[in-house]
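Working notes, beginning with the structure itself.
The values are calculated or read from the model by the stated rules, or taken from the named source; none is laboratory data. Keep in mind that what you see is a predicted model, and the values were worked out from it rather than measured. Quick reminder, even Gly has a Cβ in these numbers, built from the backbone with ideal geometry, and neighbours come from all protein chains shown.
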Amino acid sequence: MKQFLISALLAASILTGCMPSTVITATWKAPIVPDKKISRVLVAALTSNTIAKETVENDIATALNVNITALKSIDEFPPEISNSDTSKTEIMNRVKNKNIDAILTVSLINKETESRYIPGHSPYNPLNGFGYYDSFWGYYSYWYPYTYNQGYYIQEKVYFIETNVYSVPSGKLIWSAQSKTYDPHNLKTFSKEFATIITTKLKKDGIIMEKPNTEISQQ
């Protein structure tokens, strides 16, 4: 079968009774991050499969909304964004008008690029040798032809997913994580688990702040 929808790829099941099916294998954080804390994020899953896009973006936005405000690109962007300068300007103006601080992207790296995955014993730096990572539009322009190209994805049992956070004011990459998803077969299960794991790591790395416990603060 030539094409497998990303809904089948971005999915997960429990590998063992107690192991999560998705694990973060490497993360990177910019040496200097914006002083302003991120309070509004736009979540963008880079796939042309509407069902998968809506599911993943909705679950990540729901997880993030516990602490900050999260919007979904499926609600803000047209189905297929052009790479023209006019479209870039229009979309970024729309993002800025909504006071969005950062864009969180989620993309699947296919098996052919698996060798680019950084082993656990090596420092992870997405900017090292891959210039397109430096800005949101550089990353989007590089992956767009692949993520919207039918026949790009192939069926495997282990999938590598990359999550990036770009600052809207500067357009620069400030955080990146790579993860593995094992034995995928259910989009809904994967999506909720993935959203929890990514949100937890974002808080741990100080990219987003946890909402204060008002009950404790009032005591």
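Per-structure values
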read-out	value
The listed residue being modelled with pLDDT of 80 or more, farther than 23 Å from residue 206 by Cα and charged (D, E, K, R), out of 116, 94	94
Some residue of segment 207-214 being in a strand (DSSP E or B) and either modelled with pLDDT of 90 or more or surrounded by 20 or more Cβ atoms within 10 Å (Cβ to Cβ) (or both)	yes
Any chance residue 191 is crowded, with 18+ Cβ neighbours inside 10 Å, modelled with pLDDT of 90 or more and under 22 Å from residue 95 (Cα atoms)	no
Qualifying residue in segment 105-113 (condition: closer than 16 Å to residue 26 by Cβ and at pLDDT below 65)	yes
Criterion (crowded, with 17+ Cβ neighbours inside 10 Å and at pLDDT below 90) met by exactly one of 49, 58	49
